[in-house]
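The structure appears below as structure tokens.
Derivation of every value follows stated rules applied to the coordinates shown; laboratory data play no part. Please read all numbers here as calculations on a predicted model, not as lab measurements. Glycine also receives a Cβ, built like all others from the backbone with ideal geometry; neighbour counts cover every protein chain displayed.
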Amino acid sequence: MSTDSRIITASVLPPPRSVTGIGGWIRVNLVNTWFNIGLTTVFGFILVVALWYGLKWVFFDADWRVIGTLGGRIIIGQYNVEAACPGRDCFWRPQAGLLLVMVLLGMAWSVSGGGLTKRIAVLFAGALVACAFLPYGLDKMGLDVRLLFAANVPALALGWAIARHTRLGTVSWIAVLAFCTFILILVLLRGIPGVPYLKPVSVLYWGGLMLNLLLAVVGIGLSLPIGITLALGRSSRLKVVNLLCVTFIETFRGVPLITLLFMSQVLVPLAFPENFPQNSLVRAAIIITLFSSAYMAENIRGGLQSLHPGQGEAARALGLPVWQTTLFISLPQAIRNVIPAIVGQFISLFKDTSLVYIIGMLDVVEMSRAFIQGNPEYLASAKEVFVFLAAVFWVFTFTMSHVSRRVEQHLGVGKR
Amino acid sequence: MTVYEETVGVEDIIVYKDVHKWFGNFHVLRGITTTIKRGEVVVVFGPSGSGKSTFIRTINRLEEHQRGDITVDGIAMTNDTRNIDTIRRDVGMVFQSFNLFPHLNVMSNITLAPTKVRKIPAKQAEMLAMELLERVGIPEQADKFPAELSGGQQQRVAIARALAMQPKIMLFDEPTSALDPEMIKEVLDVMHELASSGMTMIVITHEMGFAREVADRMMMFDEGIIVEDGPPAQIFDAPQEERTKLFLSQIL
Ligand SMILES: Nc1ncnc2c1ncn2[C@@H]1O[C@H](COP(=O)(O)OP(=O)(O)OP(=O)(O)O)[C@@H](O)[C@H]1O
Ligand SMILES: [Mg+2]
């Protein structure tokens, strides 16, 4: 009887105050032992000093005018210079491409129902619209350029509405449209001979952030499927397939990317028929994709090895053929297990796109470096330029890892 | 009557003739000869490492045998993958560690094979799955993921998953030995119900209460051979072999 009454009187209590709130968090995590008090003091000091000098430089000492002078070249490189586009009226093509991307982003926002996609869409659209109001003179940045920047918000809304009110608002449709959009953007940028307003622009002049992003999208889009194929090939019992995959993977992992890019200038022309549209952009895209695929293959293989053998047995016992077991059971689990490694590879691929300077392409970093070198009056501003570039890269890679964490959480449902 | 019908009657669903298997140099199955009839419930027991699991895994070719003949529902177990596929479709299996697919929810775990292998339309497969979930007593868990279920619930989903292929034979490899005591009964109850519905079942288990109540036959395995084979009454009350007596005395 006495035990019963004790159970009945036990009530739900809030946790003790000492472990809740900011004060509680600080007490539990930062100053709970003398050792931690020491660490907190030392690192707190370092943090304050770094912040003080860092912010002081950013807001008072740095001269950011150089970024303004670089201007649109940061985004499109030499795409719109006189040599690339006589008349200098090609700027609208990359901008139109951007609008198409915004439409897709709007659709993704609608389908995902807000959250992270919404925040990314709003932030990027906001940043682009802000570009429409940059304090240049109208002679440097015309109304047309500004309007096209401002159109990013309507584009986003259009995408959102399309997904909401038509049958295109599904993940598979967005994937299909994303692929079509990418091809369309390439055509738009490259141009079609003989068509007014679409005169061809040699890829030699494609540059800036646009070049980094194009290479990264190709690399990311292709290295995952190629990597999966290689990983499956490497786990294959067919000796020839196995040997081919191992050779490929070890070759591309064993040589630095910069060396591969350099060699591509010599080797890739030999590997394709003469009339194949060869140019440094295609070469760079191929090399970056293959290089990344080799790493991707090893990531996926790690994921495949982490699977419990019982999974394959259960699938076989149910009568699933090997290819269905791979497609529906092994790969989804393997990929989910190695998402951090895969996204790490994507991020490193994105940063590595800068290495195309070695084959003479003006990506955003090389573009800026060449500018400083060619304009000695800006030599003193090199610091500002590179800090700015670091921030630009960081924004993109941070977005990627943020998305990856969200995807992980999403797929983590039911993780053992 | 032809010779074939004399040796393999239509009511014989599994026929083993002098089946041998080696793992490397290790002789695991040393000549298994037995016939299991349609609707029979066979409990397989015996010491650890005696080849029980290997035996039932040769029935659906999770393990390959190297000598002798295996016939399942009239189909010879050869290297012909079409035969193997047909046999696997008709033989369901339940594992000690459940082996549910952790990335799929309960409903998809059950409907995957029927829709992909038997090509049943999704709607129909889902209806069948709901029926099976009701049969194993957890219709309310259809949208959960395996990790959100208790061991007993997971094993019942695994049974429903195997039944969704509408198999003719069900194999159970120690289905309750990974479960906490209070969950063993819920799984055994499902198996009991399945047995009374007329399913042919081969069950490796040391739940001797279940065996006595449900089994038509019991097989004692030791060192890769069937030491003794008989109805539960014989095995429990009048075992013919010393090894059976010794083993039962150790576990009962
Ligand atoms: N894949 C394998 N490779 C090598 N040896 C194996 C393999 N699988 C099983 N064996 C060995 O074969 C023997 C029989 O194994 P099996 O799993 O059939 O035994 P069991 O009767 O089911 O035992 P338990 O009650 O422990 O499950 C054991 O000695 C085991 O170590
Ligand atoms: Mg076993």
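Using Cβ point charges alone (K and R +1, D and E -1), the dipole size of the range A:239-416 about the Cα centre works out to roughly 680 debye.
Cysteines of chain A lacking any other cysteine Cβ under 4.7 Å from their own Cβ: A:Cys131, A:Cys180, A:Cys245.
For A:Leu184, the shell of other residues with beta-carbons less than 14 Å away shows a net charge of +2, using +1 for Lys and Arg and -1 for Asp and Glu. Charges on Cβ only, +1 for Lys and Arg, -1 for Asp and Glu, centred on the Cα centroid of chain A; of A:Ala84, A:Trp206, A:Leu123, which one is farthest towards the dipole's positive end? Farthest along the dipole direction, towards plus: A:Leu123.
Dipole magnitude for the range A:85-201: about 160 debye, using +1 per Lys or Arg Cβ and -1 per Asp or Glu Cβ, origin at the Cα centre.
The spread of Cα positions in the range A:207-365, taken along each principal axis and listed from longest to shortest, comes to 56, 31, 26 Å. In this structure the amide hydrogen of B:Gly46, modeled in the peptide plane, comes within under 5 Å of the amide hydrogens of B:Phe221, none closer than 5 places in sequence on its chain. Each residue in B:Asp18, B:Asp216, A:Asp352 was given a count of other beta-carbon atoms within 10 angstrom of its own, and listing them fewest first yields B:Asp18, B:Asp216, A:Asp352.
Paramagnetic label reach from B:Glu242 (point 7 Å along Cα→Cβ; backbone nitrogen cut-off under 20 Å): within the range B:45-85, residues B:46-48, B:50. Overall, the range B:183-252 carries a charge dipole of about 60 debye about its Cα centre when +1 sits on the Cβ of Lys and Arg and -1 on the Cβ of Asp and Glu, all other atoms neutral.
Along the range B:13-29 the Karplus relation, 6.51 cos²θ - 1.76 cosθ + 1.60 evaluated at θ = phi - 60°, assigns HN-Hα couplings of 9, 10, 10, 10, 10, 6, 8, 10, 8, 10, 9, x, 8, 7, 7, 7, 10 Hz to successive residues, with x for each Gly and Pro. Going from the fewest other Cβ atoms within 10 Å to the most, the residues B:His103, A:His410, A:His308 appear in the order A:His410, A:His308, B:His103.
Anything in chain A that counts as a DSSP H helix reaching 20 Å or more along its axis (C-alpha) with Kyte-Doolittle mean of at least 1.6? List them, would you? Answer set is A:116-131, A:171-190, A:208-234.
Its relative contact order, with pairs defined as Cα atoms under 8 Å and 6+ residues apart, puts chain A at 18 percent. With the gyration tensor restricted to C-alpha atoms of chain B, the semi-axes of the equivalent ellipsoid amount to 30, 23, 17 Å, longest first. Sorting B:Thr78, B:Thr205 by the number of Cβ atoms found within 10 Å of their own Cβ, with the fewest placed first, yields B:Thr78, B:Thr205.
A cut-off of 5 Å between modelled amide H atoms, ignoring neighbours fewer than 5 places along the same chain, links B:Val28 with B:Lys21, B:Trp22, B:Phe23. Annotation: Cα Rg of the range A:85-201 relative to the compact-globule expectation 2.2 N^0.38 Å equals 1.15.
Expressed as a whole percent, the proportion of Cα-Cα pairs in the range A:272-352 lying more than 17 Å apart is 59%. Structure note, pairs B:Lys52/B:Lys168; A:Lys118/A:Lys140; A:Lys351/A:Lys383; A:Lys351/B:Lys144: Cα-Cα distances above 28 angstrom occur for A:Lys118/A:Lys140; A:Lys351/B:Lys144. Residues whose amide H falls under 5 Å from that of B:Ile13, counting only those 5 or more places apart or on a different chain, are B:Ile36, B:Lys37, B:Arg38, with hydrogens built in the peptide plane.
For the range A:363-412, the alpha carbon convex hull comes to 49 Å³ per residue, rounded to a whole number. Please identify, among A:Gly77, A:Gly115, A:Gly221, the residue showing maximal mean-square fluctuation in a Gaussian network model of chain A using a 10 angstrom Cα cutoff. Of A:Gly77, A:Gly115, A:Gly221, the most mobile in the Gaussian network model is A:Gly115. P(r) for the range A:318-416, from all Cα pairs and a bin width of 5 Å, is 2, 10, 15, 14, 13, 10, 9, 8, 7, 5, 3, 2, 1, 1, 0 %, short bins first. Across all directions, the shadow cast by the convex hull of chain A built on its C-alpha atoms averages 32.7 square nanometres. Its Cα gyration tensor gives the range B:1-104 an equivalent ellipsoid. The semi-axes, each the square root of 5 times an eigenvalue, are 23, 18, 15 Å from largest down.
Where only DSSP H runs of four or more residues are counted, chain A gives -22500 deg cm²/dmol as its mean residue ellipticity at 222 nm, each run worth -39500 (n - 2.57). Here the 3J(HN,Hα) profile of the range B:201-217, calculated from phi with Karplus coefficients 6.51, -1.76 and 1.60 at θ = phi - 60°, is 9, 10, 10, 8, 7, 10, 7, 6, x, 4, 4, 4, 7, 9, 5, 8, 9 Hz, Gly and Pro shown as x. GNM remark for chain B: springs join alpha carbons under 10 Å apart, and the peak mean-square fluctuation among B:Asn25, B:Asn60, B:Asn79 falls on B:Asn25. Using a Gaussian network model of chain A in which every pair of alpha carbons under 10 angstrom is joined by a spring, one finds that among A:Pro14, A:Pro269, A:Pro200 the greatest mean-square fluctuation is at A:Pro14. With point charges of +1 on the Cβ of Lys and Arg and -1 on the Cβ of Asp and Glu, referenced to the Cα centre of the protein assembly as shown, which listed residue (B:Val43, A:Cys180, B:Thr244) lies farthest in the positive direction of the dipole? About the Cα centre, the residue reaching furthest to the positive side is A:Cys180.
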